[in-house]
Amino acid sequence: MPRPGSAGFPARSVPRRFRFARRASVRRSLRLLHSFRFEQTDPARFYGGIATDSAHLLADFYADLTGRDLAGATVLDVGGGPGYFADEFARAGARYIPVEPDPSEMHAAGISVPAAVRGSGMALPFRDDAVDICFSSNVAEHVPEPWRMADEMVRVTRPGGMIVLSYTVWLGPFGGHETGPWHYLGGEYAARRYRRRHGKEPKNRFGTSLFAVRAADGVRWSQSTSAQVFALFPRYHPRWAWWLVRVPGIRELLVSNLVVVASKPG
């Protein structure tokens with residue numbers, strides 16, 4: 001696993017303790033876990049909590065990396081959906097730009113985000129070195145080529161800027177989304193069972209809008225990317241459980257959501 005000072009990242013510019021680690025408490029974990037049950041029934045409530053947590057995550061790591069807060073920073077949110085995160089980043093003073101390929105998803109919540117862009121994460125419609133921070137939350141598992149998307153995120157980030165990729169691990173408890181926990185018996189089986197029980201297709205259809213992405217895939221990308229990775233951790237776990245990402249096999253079952261934080265060399 002990459003360590004501060006590895007992959008070419010200057011050790012002196014990485015704090016020994018990440019600021020965000022102070023927030024990673026058991027109370028925070030329980031609060032986020034409680035909100036998950038509202039993902040389908042009350043998405044505004046669910047995404048509202050994730051939005052606040054995401055703003056804290058980016059602000060803390062950006063301060064670690066640059067010594068600055070988010071005021072004036074351009075944040076590109078890959079797979080930003082209808083814009084649930086817009087208000088949180090606006091409060092932090094950032095210029096928030098969501099990118100979403102599905103027009104129906106963009107307008108699903110009736111939120112108007114003036115800077116919203118329609119486009120694919122696998123071919124971001126932005127020039128090289130365009131943004132200060134490129135962020136993606138719970139999107140990589142919904143695209144067929146997630147590591148192509150990750151490379152695109154690095155491309156559009158300016159030198160010295162930050163990339164934060166957070167995604168749901170397939171063999172974790174939430175890997176099947178609304179079809180779980182039956183995804184442990186296979187994605188197709190889980191989708192068929194959901195259809196039989198509910199009389200409709202799941203929103204996240206395995207093989208079409210939901211794919212099996214492993215924790216090991218993110219670790220492998222972090223070791224091969226041109227970006228300088230300085231943090232990998234399980235997003236919803238308290239700080240004392242972050243060691244789980246270092247253990248093959250166990251991390252697939254227990255990490256749930258892997259976060260990769262990197263900087264673009266410059």
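Once the Cα gyration tensor of segment 64-214 is found, what semi-axes does its equivalent ellipsoid get, as square roots of 5 times the eigenvalues, in whole Å, sorted largest first?
Those come to 30, 17, 13 Å.
How large is the accessible surface of Ser226 in square angstrom, using a 1.4 angstrom probe and rounding to the nearest 10?
For Ser226, the solvent-accessible surface is approximately 90 Å².
Could you tell me which chymotrypsin sites (Phe, Trp or Tyr not before Pro) in segment 228-266 are loop residues by DSSP with no more than 15 other beta carbons within 10 angstrom of their beta carbon?
Sparse-neighbourhood loop chymotrypsin sites (Phe, Trp or Tyr not before Pro): none present.
For segment 177-217, what's the radius of gyration and Dmax over Cα atoms, in angstrom?
10.1, 35
How big is segment 122-188 by the Kirkwood estimate over distinct Cα pairs, in Å?
13.1
For segment 216-266, evaluate the Debye formula with one uniform point scatterer on each Cα (no solvent term) and list log10 I(q)/I(0) at q = 0.18, 0.21, 0.30, 0.32 Å⁻¹, rounded to two decimals.
-0.55, -0.71, -1.19, -1.28
Considering segment 184-263, what Rg and Dmax in Å follow from its alpha-carbon atoms?
Both quantities, over Cα of segment 184-263: 15.8, 47 Å.
The values are calculated or read from the model by the stated rules, or taken from the named source; none is laboratory data. Just so it is clear, the model here is predicted, and its values are computed rather than measured. When we count neighbours, we look across all protein chains shown, and the Cβ atoms used for this are built from the backbone with ideal geometry, even at glycine. Ligands, DNA and RNA are excluded from the accessible area calculation, which covers all protein heavy atoms including side chains. Shrake-Rupley method; radii C 1.70, N 1.55, O 1.52, S 1.80 Å.
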